């Protein structure tokens, strides 16, 4: 008995079947069932205090809407940021005013203020989020603000466009 000469053919492994996204299919099925019967999804621990608010963005009257779009898309780079974590409401208001004054004196146009999502506060609701945004609408030097993108703080931070010198 003698061996056959080696073959010059390439060996091919059979291709694997495409994976089935079982969880995606289950999620789609659940969403379809919920929408069919107009059922509201039950809130989870992640949803508490994260309900969408009507005042997520602000644009000073008389300015073109594309300013807000540019701010969201990062047209202006963030030149400074300030974190309000751990401050009381009174301390936060004073610190925010000081920060915005300093930013204007340094000629900054775009800044980020981190107010937090409220996950560590009582009832897991944000305390400073609404207050910071209300204060910003009353500040003459603020032209616009919007929620920061997810990688930059998301619902726990706000991007602010300041008036130029």
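Taken together, the values in this text are just the output of simple stated rules run on the coordinates, not laboratory data. As the structure is a computational prediction, the values presented were derived from the model and not from experiment. Cβ coordinates were reconstructed from backbone atoms using ideal geometry, including for glycine residues, and neighbour counts include every protein chain displayed.
FRET efficiency for the pair residue 70 and residue 165, taken as 1/(1 + (r/R0)^6) with r the Cβ-Cβ distance and R0 = 22 Å, rounds to 0.70.
Can you give the Rg to Rh ratio of the range 52-94, both from alpha-carbon atoms, with Rh computed by the Kirkwood formula? Rg divided by Rh gives 1.06. Put in line by how crowded their Cβ is, counting other Cβ atoms within 10 Å and starting with the fewest, 128, 134, 87 read 134, 87, 128.
Taking R0 as 25 Å, what's the FRET efficiency between residue 16 and residue 151 from their Cβ-Cβ distance, rounded to 0.05?
Values: r = 34 Å, r/R0 = 1.34.
For residue 16 and residue 151, the calculated efficiency is 0.15.
With the contact rule set at Cα under 8 Å and sequence spacing of 6 or more, what percent relative contact order holds for the range 58-162? Each step should come with its number before you reach the end.
Working: 152 pairs, mean separation 35.1, N = 105.
Over the range 58-162, the number comes to 33 percent.
Calculation over all alpha carbon pairs of the range 58-162 in 5 angstrom steps from 0 returns a P(r) of 2, 13, 25, 26, 20, 10, 4, 1 percent.
Highest mean first, what order results for 67-75, 153-161 on Cβ atoms within 10 Å? Kindly include the intermediate steps, with their values, before the conclusion.
On the way: 67-75: 14.7, 153-161: 22.0.
Result, highest mean first: 153-161, 67-75.
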